[in-house]
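Worksheet: one structure, shown below.
The values are calculated or read from the model by the stated rules, or taken from the named source; none is laboratory data. Owing to the predicted nature of the structure, the values given are computational and were not obtained by experimental measurement. A quick note on method: Cβ atoms are made from the backbone with ideal geometry, for glycine too, and the neighbour counts reach across all protein chains shown. All accessible areas refer to the heavy atoms of the entire protein, side chains included, with ligands and DNA or RNA removed. Shrake-Rupley method; radii C 1.70, N 1.55, O 1.52, S 1.80 Å.
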Amino acid sequence: MSGLADLYNIPATSAQLAQWSFAHMAHHRDINRRIYELVAFALPEYILDPINVEDTGTWEYQHQLMHDAQNTLLGIQGQDLTGVNWKDQRILTQWIFLNSSEHYQASNILEIG
């Protein structure tokens, strides 16, 4: 099981971003695995790790698809998580909170960490 708390860390360096990216992808896999265990439905999985901050278009689109699928199945009212700016700490902080909030809700519903 991955650690939900890691998703609340705001990466300020490339090493921190790599750590966050790994934890984030692991948590998505935990969510998908648990959903499959409970309802035998496999959600789509995309490669979200590593993140190329110079070209995030595909990452943002695929990440949103993963959230939309899990949120629909779990009854979570999600946010538009596209438009993240990994280089602006103020915007990134807001985005980290929105993203982590959806992971937190999914964790509570699925009873995972």
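Descriptive notes on the structure:
- Inter-label distance, nm, simple model (7 Å from Cα along the C-beta direction), Leu98/Val53: 1.9
- Every helix of 4 or more DSSP H residues in the chain counts as -39500 (n - 2.57), and over all residues that averages to -20500 deg cm²/dmol at 222 nm.
- Loop exposure criterion: chymotrypsin sites (Phe, Trp or Tyr not before Pro), DSSP state outside H, G, I, E and B, at most 14 other Cβ atoms within 10 Å. Applied to the chain, the longest stretch between such sites is 47-113.
- GluC sites (Glu not before Pro) within segment 34-92: DSSP coil, no more than 13 neighbouring Cβ in 10 Å: Glu54
- Once the Cβ-Cβ distance of Phe41 and Asp88 is raised to the sixth power relative to R0 = 41 Å, the FRET efficiency obtained is 0.65.
- Computed about the Cα centre, the dipole magnitude for the chain is approximately 160 debye when only Lys and Arg (+1) and Asp and Glu (-1) carry charge, each at its Cβ.
- Of the accessible area of the chain, computed with a 1.4 Å probe over protein heavy atoms only, carbon and sulfur atoms account for 54 percent.
- Here, P(r) means the percent of Cα pairs in each 5 Å bin from 0 to the largest distance; for the chain it is 2, 12, 24, 28, 20, 10, 4, 1.
- Taken along its principal axes, the alpha carbon cloud of segment 51-113 reaches lengths of 34, 22, 18 Å, longest axis first.
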